[in-house]
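To start, the structure under review is shown below, and the notes come after it.
Computed from the coordinates by the stated procedures, all read-outs in this text should not be read as laboratory data. Quick caveat, the model's predicted, so the values are computed rather than measured. With ideal geometry, Cβ positions are generated from the backbone for all residues, glycine too; neighbour counts draw on all protein chains shown.
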C-alpha cells in the first residue's frame with residue numbers, strides 16, 4: 001500500500017451555476033444572487049468534494065438571452081481518494 005501520496009487519486013473540476021435575471025434589470029441583481037450561490041459552497045466539504053476558489057463572471061460580462069440576462073458563478077472543486 002505505501003504512503004497515501006503513492007496511491008492518491010485526485011479529481012478536480014469546476015461547478016458552473018448560471019443565474020438568470022430579467023433583461024433590463026442590470027447586473028447587480030445577477031451578481032448578488034451569484035454571490036449567494038457561491039457562499040453556499042465556499043469552504044464546504046461534501047461527500048469528499050472540497051470546494052475551493054470561486055468567481056463571478058470570470059472577467060466576462062453577462063450574456064443576454066431572449067427575456068433574460070445570464071451571469072455565471074464558478075467554483076472549483078477537488079476530490080481525493
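Sorting the segments 13-22, 44-53, 69-78, 28-37 by their residues' average number of neighbouring beta-carbon atoms within 10 angstrom, most packed first, yields 69-78, 28-37, 13-22, 44-53. Values (i) 5.2; (ii) 6.3; (iii) 5.5 are given for comparison; mean projected area of the Cα convex hull in nm², derived from the coordinates here, is the one labelled (ii). The slack between residue 81 and residue 46, meaning 0.36 nm per residue of separation minus the straight C-alpha distance, is 11.2 nm.
Note the angle between two axes, namely the Cα long axis of helix 27-41 and the longest principal axis of the Cα atoms of the chain, as a number of degrees from 0 to 90, rounded to the nearest 10. Value to nearest ten degrees: 20. If R0 is taken as 35 Å, the Cβ-Cβ distance between residue 58 and residue 23 corresponds to a FRET efficiency of 0.95.
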